[in-house]
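Computed from the coordinates by the stated procedures, all read-outs in this text should not be read as laboratory data. Please read these numbers as outputs of a predicted model, since none were measured by experiment. Here the Cβ positions follow ideal geometry from the backbone for every residue, glycine too, while neighbour counts run over all protein chains shown.
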Amino acid sequence: MTSIQQVSCHPMTVMQGKRGLVVGIANERSYAWFIAQAILNASGECIFTHLPGEKMERKARMAIEALGVENPTLISMDAASDEDLDKVFESLGEIDFLVHSIAFADKDWLKEGKFAATPREVYNQALDISAYTLMAMANRAIPLMPNGGSIISMSYYGAEKAVPGYNVMGVAKSALESATRYLAMELGDRNIRVNSISGGPLKTLSSMAVGGFSSILDHVEQKAPLKRNVTGDDVGGTATWLLSEMSSGVTGQVIYVDCGYASVGL
Ligand SMILES: NC(=O)c1ccc[n+]([C@@H]2O[C@H](COP(=O)([O-])OP(=O)(O)OC[C@H]3O[C@@H](n4cnc5c(N)ncnc54)[C@H](O)[C@@H]3O)[C@@H](O)[C@H]2O)c1
């Protein structure tokens, strides 16, 4: 008979003793920033990466310091580079969780009427950075999680329904959600769980690149059951739940944190 693990359910300590990598803080508006804040508030420990470049490092460092982390471990990483991925994951030591909160597509192709003609290289880059990197990171995290672990990524409703302007990024998010299920199946016997949060629209550097983003915000506010848009804290809370033992039986799922928008038909 398997014994039931005692888990802390106190919101301030559910992440106590857990350390992991958070990828995707560009600034204080990033979903990853809110996720890191919730992890830190729950007594977890975070290691961070930033996109290569002095300006990127400065912005990420300022945002992380605003979380109250003194002397953060902040490593340069372009997720499109296998060498960078190897360098970062080889330097980590044992980890308990991984937060993948990155995406990229050429914004010229994130406009209404700009889907069918998407060039091959735009498609490949979007799928590579926004979906393949989850697999590339999870694979490198396996040996670092000998006692099991939890991996999350950020998806969006455009993965399953056509959303005007989301275009190639919608295809990338479908791939990300599918990769979540295949990773969960393959890593389950190591007690490594893999889930994705489908977050509602939030004003960030990336989302502002999607044509007509402001009208998506207005639409959600009117139609979502909670009659408001999601906040970074809403996603941070669910992320922490998924990364903690509180969700120990949950894997291979896409969890909607969207004020209920995806549940409504008309
Ligand atoms: N903001 C929204 O409305 C929304 C909704 C649902 C899902 N998401 C998803 O949330 C995640 C985070 O996006 P965000 O909205 O916080 O925007 P953001 O611009 O703050 O974060 C995107 C991050 O991706 C990183 N990134 C891009 N290319 C990279 C590369 N090659 N290597 C490493 N990092 C790279 C950027 O540095 C940045 O930190 C993305 O997956 C996005 O698709 C966002």
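A few points about this structure:
- Spatially proximal lysines relative to Lys55 (Cα-Cα < 25 Å; intrachain offsets below 8 disregarded): Lys87, Lys107, Lys203
- Highest-first arrangement of 169-182, 11-24, where packing means the average Cβ count within 10 Å: 169-182, 11-24
- Most mobile listed residue (Ala126, Ala162, Ala141) in the chain, GNM with C-alpha springs under 10 Å: Ala162
- Its relative contact order, with pairs defined as Cα atoms under 8 Å and 6+ residues apart, puts segment 19-260 at 21 percent.
- Annotation: amide H of Gly165 within the under-5 Å range of Glu112, Gly113, sequence separation 5 or more or interchain, hydrogens built in the peptide plane.
- In percent, rounded to a whole number, the relative contact order of segment 118-266 is 27, using alpha-carbon pairs under 8 Å and six or more apart.
- Among Val168, Val69, Val99, the largest mean-square fluctuation in a Gaussian network model of the chain (Cα springs under 10 Å) belongs to Val69.
- For Ile75, residues with placed amide H under 5 Å, excluding near neighbours: Phe48, Thr49, His50
- Extension gain (nm, one decimal) between Ser91 and Asn139, 0.36 nm per residue minus Cα-Cα: 15.8 nm
- Degrees, to the nearest 10: 213-223 long Cα axis against longest axis of the chain: 80 degrees
- Other-chain or far-sequence residues with amide H under 5 Å of Ser196's (modelled H): Ser153, Gln253, Val254, Ile255
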